[in-house]
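Peer 1: Following this message is one structure expressed as structure tokens.
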Amino acid sequence: MGIEEYGGGQQSQDVLVVTTNDVPGYRVDRVIGEVFGLTVRSRHIGSQIGAGLKSLVGGELKGLTKTLVETRNQAMERLIEQARSRGANAVLMFRFDVTEAADVGTEVCAYGTAVVISPHA
């Protein structure tokens, strides 16, 4: 597996997503409000058994890592879709929240503040 399978990040060109409170060279023209993207994933029995065996000897659980990356990317895509549908061209203060969902899966929530930005004149 290549490194591209273990990374994530922004794919959208029309909605900028940043973890900062502002974007250098841009001003916030309008705050739209909180947006989020949510997904819950469960692991299949094969990966649970494999992860249990791997934990006995130690090391990275590559299948689980790949699944979490895919899950985070899906949550981020949903966040971007929601921001775009509300008229935003940027999301500030972007964060992820990851929790266990009743021992049956992992909940990943991507959230931030949707805004409209424009370059400083």
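Peer 1: Pull out all pairs, ordered by first then second residue, where Cβ-Cβ is under 7 Å, the residues are six or more apart or on different chains, the first lies in the stretch 79-93 and is over 20 Å from R27 (Cα atoms), and the second is open to solvent by less than 70 Å² (accessible area, probe 1.4 Å) and of a type in the set (G, A, S).
Peer 2: L79/G37; L79/A110; L79/G112; Q82/G37
Peer 1: In the stretch 1-23, what residues are open to solvent by 40 Å² or more (accessible area, probe 1.4 Å) and modelled with pLDDT of 90 or more?
Peer 2: Of the stretch 1-23, the ones open to solvent by 40 Å² or more (accessible area, probe 1.4 Å) are 1, 3-6, 8, 10-11, 13-14, 16, 19-22.
Listed by number, the residues that qualify are D14, L16, T19, T20, N21, D22.
Peer 1: State whether the residues of the stretch 79-90 include one that is assigned to a strand (DSSP E or B) and open to solvent by less than 80 Å² (accessible area, probe 1.4 Å).
Peer 2: Let us first name the residues in the stretch 79-90 that are assigned to a strand (DSSP E or B), namely 90.
Still in the running and open to solvent by less than 80 Å² (accessible area, probe 1.4 Å): 90.
Among the residues of the stretch 79-90, at least one is assigned to a strand (DSSP E or B) and open to solvent by less than 80 Å² (accessible area, probe 1.4 Å), which makes the answer yes.
Peer 1: Filter the stretch 83-101 for residues that are of a type in the set (V, I, T) and modelled with pLDDT of 95 or more and give the result.
Peer 2: Step one: of the stretch 83-101, the residues of a type in the set (V, I, T) are 91, 98-99.
V91, the sole residue that qualifies.
Peer 1: Among all residue pairs at least 6 apart or on different chains, which show Cβ distances below 6 Å where the first residue, located in the stretch 58-69, is surrounded by 15 or more Cβ atoms within 10 Å (Cβ to Cβ) and the second is not small (G, A, S)?
Peer 2: L61/K54; V69/Y6
Peer 1: Can you tell me which residue in the stretch 24-55 is modelled with the lowest pLDDT, limited to those that are of a type in the set (D, E, K, R) and open to solvent by less than 100 Å² (accessible area, probe 1.4 Å)? Walk me through it before giving the result.
Peer 2: Narrowing the stretch 24-55 to residues of a type in the set (D, E, K, R): 27, 29-30, 34, 41, 43, 54.
From the residues that got through so far, the ones that are open to solvent by less than 100 Å² (accessible area, probe 1.4 Å) too are 29, 41, 43, 54.
Details: D29: 97, R41: 83, R43: 61, K54: 52.
Across the stretch 24-55, the extreme among qualifying residues is K54.
Peer 1: Turning to a different aspect of this structure: Take T113 and tell me if it is among the polar types (S, T, N, Q) and either at pLDDT 90 or above or open to solvent by less than 30 Å² (accessible area, probe 1.4 Å) (or both). Write out each step before concluding.
Peer 2: Working: among the polar types (S, T, N, Q): yes; either at pLDDT 90 or above or open to solvent by less than 30 Å² (accessible area, probe 1.4 Å) (or both): yes.
Yes.
The values are calculated or read from the model by the stated rules, or taken from the named source; none is laboratory data. Everything numeric here is computed off the predicted structure, so don't read it as measured data. FYI the Cβ positions are ideal-geometry reconstructions off the backbone, even for glycines, and counts take in every protein chain you see. These area figures cover heavy atoms from the full protein model, side chains too; ligands, DNA and RNA do not enter into them. Shrake-Rupley method; radii C 1.70, N 1.55, O 1.52, S 1.80 Å.
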